[in-house]
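Scroll down for the structure; my scribbles are underneath it.
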Amino acid sequence: MATWVRLDGQPAYWTRVFAFGTGITANMFLTPRSDSGTLRYAITAGGGGAEQRIDADPLPTDRSVHVAVAYGSGTAVLYLEGREVGRNARITVEPRYFGNHIRAAYIGRSQYDDPCLKAAVDDFRVYGRTLTAAEVAELAQA
């Protein structure tokens, strides 16, 4: 996934840039502010206690930034402005584990009862393959 985000001030905890899944058991999301205050990508097929995560420094506010998540072969990488800011080499869950039953596909909103994101989200892309670091860097320059 890759997108441009402009946060309108400090985001509330647990707002989402995106949230996809079948509900609270199997999902993936990107939050600009986790309970630890970090930018977080998480994916799970076993609920919140089984999340596989990447945490990074928070997104800057009041300006557009490019954010991307690329994963494959058991590794997920989080990018900001075309540069790697986090990595998890122990990812065992992929969106294909959600099956054909995705019930929620939100941009700017959560599957949970969390606040909506106060931001602009632009050029949201979902790729069917793992992007290389060079490809992510190129997207961030566009």
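Tell me the strands (runs of 3 or more DSSP E) entirely within region 70-142 that contain at least 1 residues that are of a type in the set (F, W, Y), in contact with a Lys or Arg (Cβ under 9 Å, 6 or more places away or on another chain) and at pLDDT 95 or above.
Numbers: elements: 75-80, 83-88, 104-107, 119-125.
Once the strands (runs of 3 or more DSSP E) in region 70-142 are filtered for at least 1 residues that are of a type in the set (F, W, Y), in contact with a Lys or Arg (Cβ under 9 Å, 6 or more places away or on another chain) and at pLDDT 95 or above, nothing remains.
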How many of the residues making up region 1-56 are of a type in the set (G, A, S), assigned to a loop (DSSP other than H, G, I, E, B) and touching a helix residue (DSSP H, G or I) at 6+ places or on another chain (Cβ under 9 Å)?
2
Evaluation of G128 against (1) touching a residue at least 12 places away in the same chain (Cβ under 8 Å); (2) under 22 Å from R53 (Cα atoms); (3) open to solvent by 40 Å² or more (accessible area, probe 1.4 Å) (one fails), failing number:
(1)
Log entry, pairs with first residue in region 42-57 being within 11 Å of M28 (Cα to Cα), second being open to solvent by 50 Å² or more (accessible area, probe 1.4 Å) and part of a strand (DSSP E or B), beta carbons closer than 7 Å, six or more apart or on different chains, reads A42/R53
Taking region 21-39 and keeping only residues that are open to solvent by less than 30 Å² (accessible area, probe 1.4 Å), closer than 19 Å to A119 by Cβ and not β-branched (V, I, T), one is left with M28, F29, L30, P32, S34, G37, L39
Suppose the filter is in contact with a strand residue (DSSP E or B) (Cβ under 7 Å, 6 or more places away or on another chain), more than 19 Å from A2 (Cα to Cα) and among the acidic types (D, E); does E51 pass it?
yes
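The values are calculated or read from the model by the stated rules, or taken from the named source; none is laboratory data. Please read all numbers here as calculations on a predicted model, not as lab measurements. All Cβ positions, glycine included, derive from the backbone under ideal geometry; neighbour counts span all protein chains shown. In case anyone asks, the SASA skips ligands and DNA or RNA and just uses the protein heavy atoms, side chains included. Shrake-Rupley method; radii C 1.70, N 1.55, O 1.52, S 1.80 Å.
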